[in-house]
Amino acid sequence: MEMFNKFIKLHWGLFLFLRRELPKKRTPKQLISFLSDIAKRYFQIHLQEYRNLFNILDPEYRKQKAEYEKKNDIKKDLQRALKILHYVDIKMVKAGKNRQERRSFWRDFYKNGEVRNDVFKDLDKEIG
């Protein structure tokens, strides 16, 4: 259905473009050049859309795409987690904690689940 909607939008856009641009072409040479450029681009887009359609129907492609999206989701989650940890560290620096106190906090954070839960509860309170 999405592919069908895309083709309808493509043709509607082409119709509007032609209706606007065709009256601007004065000579037969300009008209032929314009129409040949439009035809080339039209067929390039159609070929690309058919390639996309065949890729969607190919089970191997769908499997590779799912793996790629899964890796991207993991990467995004890790980047968000890193931002949170960086924010906590900056917050401790602003609070006046020295390097040794911060190191001890991070050691406890790594080893003790209660410390992690407390930090995340504090972050939830700040957000909410």
query: Just checking, which of Q30, Q100, Q79 is among the polar types (S, T, N, Q) and within 26 Å of the chain's Cα centre (by Cα)?
result: Q79
query: For the subset of region 51-99 comprising residues that are closer than 30 Å to K6 by Cα and among the acidic types (D, E), which member is surrounded by the fewest Cβ atoms within 10 Å (Cβ to Cβ)?
result: E60
task: Can you confirm whether region 70-92 contains a residue that is outside the structural domain of N52 (by TED's automatic domain parsing), closer than 22 Å to L123 by Cα, of a type in the set (A, V, I, L, M, F, W, C) and not in a helix (DSSP H, G or I)?
output: no
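The values are calculated or read from the model by the stated rules, or taken from the named source; none is laboratory data. Remember, predicted model here, so these are calculated numbers, not experimental data. All Cβ positions, glycine included, derive from the backbone under ideal geometry; neighbour counts span all protein chains shown.
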